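Here is the structure we will look at.
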Ligand code: AHR
């Protein structure tokens, strides 16, 4: 080919490329994520799932660690709105106090995906959808397992999660309702350990001082608090899992291992690996598709009968 036709072909190719409409090229999505903090191993796995899946899909993730404070999360959401992100993901620390900022996001036409925890709002259209676990079902599963295991009898010490959070509220309410059928199974004390291992240990130490040996069961709203309580129980010279029946929620690897070791009697799963689900939802919403308003995970329960078999494939 002589120079002239070659130049002509090149010029045509440049023209053809510039004529491709911008919308046909794949747009990089920018997502703002307002996380609660890093209170537990569950939370760390949750953050990692959202970060790694964003990286895999080429999503520009703006991550904010709320450090356990709702005002930090609200500030982060406000900044995501100002930056005009394509979607906002919130794991709300507590259930109330979200209406004004959700109204701002709606006014800016930015879809909001609630992940893990729900909120109480007067207008459900303030967020696009929710994806998470059914905390009430987890509380019921724990209670039903316990009632069978202890034959409907025992004094329970409860370690609550963060006050005002959906998992603490629901796991407490559903558990209490389910054990109400058993007159000899009673919660004799209940305090918050804020979903933290250190919190579980401190509250358990205080319980041991206050109640001595006058209790039979510890129900913790998450594994981290149960693992902290196990430490306190061992330091008090008691055998966790034998002298005291202990049950909790999350099914992190370390807790399933504690079940295998006989120190924890049961853990109900609460799967934190939301990355793929959250971004599938966002990609659909941005493409104008309708998505389900509420999606729950299907969670399992691990005790001495199945923990050892489950351990090698636990992902978090
Ligand atoms: O919202 C889910 C709860 O929050 C998990 O059970 C707990 O471990 C976490 O911190």
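Nothing in this text is a laboratory measurement; each read-out follows from the coordinates by a stated rule. Fair warning: this is a prediction, and the values are worked out from it, not measured in the lab. Backbone-built Cβ (ideal geometry, glycine too); neighbour counts: all protein chains shown.
So what does log10 I(q)/I(0) come out to for region 202-308 at q = 0.09, 0.22 Å⁻¹, using the Debye formula with one equal point on every Cα and no solvent?
The Debye formula, applied to the Cα set alone, gives -0.33, -1.07.
Quick check on packing: order 209-218, 169-178 by the mean number of other C-beta atoms within 10 Å, highest mean leading.
Answer by packing, highest mean first, reads 169-178, 209-218.
Quick check: convex hull of the Cα atoms in the chain, volume per residue, rounded to a whole Å³? Intermediate values should be presented prior to the final figure.
Values: hull volume 51.6 nm³, N = 316.
Value for the chain: 163 Å³ per residue.
Using the alpha-carbon atoms, what tilt in degrees (0 to 90, nearest 10) does helix 70-82 show relative to the longest principal axis of the chain?
So the inclination is approximately 10 degrees.
When N is the residue count of region 131-205, what does its C-alpha Rg come to as a fraction of 2.2 N^0.38 Å?
For region 131-205, the normalised Cα radius of gyration comes out at 1.10.
Can you order the peptides 109-118, 64-73 by their average number of other Cβ atoms within 10 Å per residue, highest first?
109-118, 64-73
Cα gyration tensor of region 117-163, axes a ≥ b ≥ c as square roots of the eigenvalues: rounded (a/c below 1.5), prolate (a/b > b/c) or oblate?
It is prolate, given that a/c is not under 1.5 and a/b is the larger ratio.
Return P(r) of region 138-280 (all Cα-Cα pairs; 5 Å bins starting at 0; whole %; ordered from short to long distances).
Percent of Cα pairs in each bin: 2, 11, 21, 25, 21, 12, 4, 2, 1, 0, 0.
Mean separation of Cα pairs under 8 Å and 6+ residues apart, divided by the residue count of region 177-316: what relative contact order is that in percent?
19
Any chance you could give the angle, 0 to 90 degrees and rounded to 10, that helix 166-179 forms with the longest Cα principal axis of the chain?
In the chain, helix 166-179 runs at an angle near 40 degrees to the longest axis.
Roughly speaking, what is the centre-to-centre gap between region 179-220 and region 235-274 when only Cα atoms are used, to the nearest Å?
15
Normalised by the number of residues in the chain, what is the relative contact order in percent for Cα pairs under 8 Å and 6+ residues apart?
The normalised contact order for the chain reaches 17 percent.
Where both residues lie in region 225-316, what percent of DSSP beta bridges are antiparallel, nearest 5?
Approximately 40 percent, going by the DSSP bridge assignments.
Over the chain, what is the percentage of antiparallel beta bridges among all DSSP beta bridges, to the nearest 5?
5
What does the C-alpha gyration tensor say about the overall shape of region 23-89? Classify as rounded when a/c is under 1.5, otherwise prolate if a/b is larger than b/c, or oblate.
Cα axes put region 23-89 in the oblate bin.
Using only Cα atoms, tell me the angle between helix 223-235 and the longest principal axis of the chain; keep it within 0 to 90° and round to the nearest 10.
Once rounded, the angle reads 30 degrees.
Hey, can you rank 96-102, 181-187 by average C-beta count inside 10 Å, highest first?
96-102, 181-187
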